[in-house]
Every structure is written in C-alpha cells, then in structure tokens.
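The values are calculated or read from the model by the stated rules, or taken from the named source; none is laboratory data. Note that this is a predicted model, so its numbers are computed, not measured. These accessible areas exclude ligands, DNA and RNA; they are computed on the full protein's heavy atoms, side chains included. Shrake-Rupley method; radii C 1.70, N 1.55, O 1.52, S 1.80 Å.
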Amino acid sequence: DLADFYAAASTAAVTNNLLFELDARNSSSWPGSGNTWYDTTSNNHDFSLVNGPTGTTVSGTTAIDFDGTNDYAQIADISAFPHGTSAISIEAYWYVDDLHPGSHAANRRFCLSKTSPSNQHISFGYTMDSTNVYINAQSNAGGNMGESYNLGAHSNVEGAWHHTVMTYDGSVIKFYQDGSLVHTSSSGKQMGNNTANIRLMTNDPSNGSWGNWVDGKL
C-alpha cells in the first residue's frame, strides 16, 4: 500500500488480500461524523469509534483525532486475523501529538493491538524509554515475538505524520519508517493467538491502567 503515500497518484495501491483498510481521507470510509469508521474492502470489517474520536485535518491530511485519554477504535475478533507463523502486514499513517511518558506502563503507544488481560496476540507501534522511541512488535502467551528498532529521540516522531509498517512472512520481521526499511530480523519468532478485540490507538482499555491511549491522529 506504499503507493498511497509515495508514488504518483496514478499508481494503484496494493489491495489484494486486505483484511481491512480504514482511510479517513476517503469519505466512504469516514463520512465526517458518527461513531463508525468504515472498512473500504468488501469484508465489511467496520470499526467502532469509542469515547468520541473526531475528524480533523492536519497538514492537509484528513484523519481521526484521538485524545490520549480514553479514545480508541475497535472491532470484535476477526477469525481470519493471522496468528502463529501466518504472514501479516500492519501499516499505519499516524501523527503522535505527545508520547506522554511517565505514567504506569506508559512506554506503549500502539497503532494496533489485539490483547486481553490473559494474553497478548500482537501489538504494533511505538514503545519508549526516557530518551528514545522505538518501532515495536510484540506478542506473548503462545508467541515469542518481541522486536524493536530505535528511532532516536522522542522528537523524531512527535508532531509530524509518519508511515510505520511491519511485515512478517512466518519467519522474517521487517520494519519500515517513512518508506525506508529500517530493521530486519530472521529470528523465527511468532505471534500468539486469542479472541480479544482488535483495537487502534490503545493497548488494552479492558485492563485498567494498561490502556496506554495514543494522543494523536490516524
């Protein structure tokens, strides 16, 4: 789907085998109001907007704005969602206003997460320490995926649009940031599996202070 962001407008984006695609720039996906973010594929995997995320435009890009307090989007478990060593790609074009480090378990800022209090299927986005921010993919309770790549200072991702991508072919994990391949691992790690909701811009709002809501746009 890189063609959406980096190629000429006449270049068709890759749409084969998409499980879902949400695009606030497309009025058929986000009509500008309401609590539903519509899937552009024929799978009809529409997401619910929880606690009032709203539409906005930043640097000419229409997006959904999440307040970093309790906003997120979600859909119930999709049986076709990959697990184990099944291939998967996760792609987000997002704008983090503020990483807000410092509170309980506040090192997680995920664009996509599929977790529950009992186990974690897969989560992808940013993690951080007091100095640096990392692209991160992790899974446990049946999986052993745990990959990170250091993007440097928090200011390298805050306050600007970034295109963050993970691909996994069953053994090799790759991370891309803004169109560049930045990390490759062939350590043979895999994802766990569960029946938790798929959520965007949060970690696990069902598990108390582990919500880790993202203050930003998607």
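By accessible area of protein heavy atoms, probe 1.4 Å, what ranking do LEU22, LEU99 get, highest first?
Sorted descending by solvent-accessible area, the residues read LEU22, LEU99.
For the chain, what % of the accessible area comes from carbon and sulfur atoms, probe 1.4 Å?
Here it works out to 44 percent.
May I ask you to derive the relative contact order of the chain, considering only C-alpha pairs under 8 Å and at least 6 residues apart, and to give it as an integer percent?
Over the chain, the number comes to 23 percent.
Would you calculate, for the chain, the mean residue ellipticity at 222 nm contributed by helices, counting each DSSP H stretch of 4 or more residues as -39,500 (n - 2.57) and dividing by all residues, to the nearest 500?
When only DSSP H runs of four or more count, the value is -500 deg cm²/dmol.
Just the accessible area per residue of the stretch 148-212, please: how many Å² with a 1.4 Å probe?
Ligands and nucleic acids excluded, the result is 39 Å² per residue.
Could you work out how far the C-alpha centroid of the stretch 29-68 sits from that of the stretch 126-177, in angstrom?
23 Å
State, as an integer percentage, the relative contact order of the stretch 138-181 based on alpha-carbon contacts under 8 Å between residues 6 or more apart.
Normalised by residue count, the contact order of the stretch 138-181 is 24 percent.
Of [x] 18.5, 61; [y] 19.6, 60; [z] 16.1, 46, which one was derived for Rg and Dmax of the Cα atoms in Å from the structure shown?
Of the labelled values, this structure produces [z].
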